[in-house]
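A quick write-up on the structure given underneath.
The values are calculated or read from the model by the stated rules, or taken from the named source; none is laboratory data. All figures in this text were calculated on a predicted structure; none of them were measured in a lab. Cβ sites come from the backbone with ideal geometry, for glycine too, and all protein chains shown count toward neighbours.
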């Protein structure tokens, strides 16, 4: 996997959790390392900023990565009563995610959601969540298990093209919630082979890179080859899309400069 260069695409990553610094300090470096290894430059988006400060920071970013979190999306955001096992929400993270997604959709910037990031993306699109997965399959064994279960990937999907597989792929797992009703502009592209839980979504607009997975590829990039390669492929594809966007934005900026200087 490559080194970051000076013209590397800038990837906006919100701090995972505003009220749990230990979680953020433990998890965020893994996302940043995976982005750097694929050729991107991670940009931390702090959650205590004003909306204006966040907007100013993300204007200079080429893509958005929504990471996992110890929080759960507030059920009120999708019109559901709170389940007893639903974790407290993180309103500061929710605000920043919305600002990031607003900008990404307005500017057609690539989006990668991971775990909580998938759930946040789905609710942003007016989807709903399963607040606590009731299954014989353990979907939350944590970071110590590199192959928790398998997912079945839709053959005609961006994800299948990325990982080069239309069959079962082994993934880790660290979640107790999942997408339920799928939001507008999204489609299901992977499910758990064992119980059918939704494991990946992608955008329906073919020209816009929007992908979200329920597992944690950032934890797998340095694991055994059978899990590392698909994880690395996801980050490579995301960063390649961000590079394309970076080039587009640079060209637009240059054209504006030329136009302004000739006026």
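Remarks
- All conditions in (1) in contact with a helix residue (DSSP H, G or I) (Cβ under 9 Å, 6 or more places away or on another chain); (2) surrounded by fewer than 18 Cβ atoms within 10 Å (Cβ to Cβ); (3) in contact (Cβ under 8 Å) with a residue 12 or more places away in the chain hold for residue 20, with the sole exception of (1).
- Condition check for residue 52: out of contact with any strand residue (DSSP E or B) (no Cβ under 7 Å at 6 or more places or on another chain), surrounded by fewer than 16 Cβ atoms within 10 Å (Cβ to Cβ) and not in a loop (DSSP other than H, G, I, E, B): yes
- Residue check, residue 12 at pLDDT 95 or above, over 22 Å from residue 222 (Cβ atoms) and over 16 Å from the mean Cα position of the chain (by Cα): no
- Unique residue being touching a helix residue (DSSP H, G or I) at 6+ places or on another chain (Cβ under 7 Å), closer than 28 Å to residue 12 by Cα, without any contact (Cβ under 8 Å) to a residue 60 or more places away in the chain and buried (at least 20 other Cβ atoms within 10 Å of the Cβ) when the list is 153, 198, 114: 153
- Residue satisfying all of: in the stretch 166-176; touching a strand residue (DSSP E or B) at 6+ places or on another chain (Cβ under 8 Å) and over 14 Å from residue 217 (Cβ atoms); modelled with the highest pLDDT among these: 168
- Residue within the stretch 164-172 that is buried (at least 24 other Cβ atoms within 10 Å of the Cβ) and in contact with a helix residue (DSSP H, G or I) (Cβ under 8 Å, 6 or more places away or on another chain) present: yes
- Among (1) without any contact (Cβ under 8 Å) to a residue 12 or more places away in the chain; (2) more than 17 Å from residue 80 (Cβ to Cβ) - the single one residue 134 does not satisfy: (2)
- Test: residue in the stretch 3-11 that is assigned to a helix (DSSP H, G or I), free of Cβ contacts under 8 Å to residues at least 24 places away in the same chain and surrounded by fewer than 18 Cβ atoms within 10 Å (Cβ to Cβ): no
- Hits in the stretch 177-187 - residues which are within 23 Å of residue 71 (Cα to Cα) and either out of contact with any strand residue (DSSP E or B) (no Cβ under 9 Å at 6 or more places or on another chain) or surrounded by fewer than 21 Cβ atoms within 10 Å (Cβ to Cβ) (or both): 180, 181, 182, 183
- Residue that is surrounded by the fewest Cβ atoms within 10 Å (Cβ to Cβ), among those in the stretch 208-228 that are in contact (Cβ under 8 Å) with a residue 24 or more places away in the chain and in a helix (DSSP H, G or I): 226
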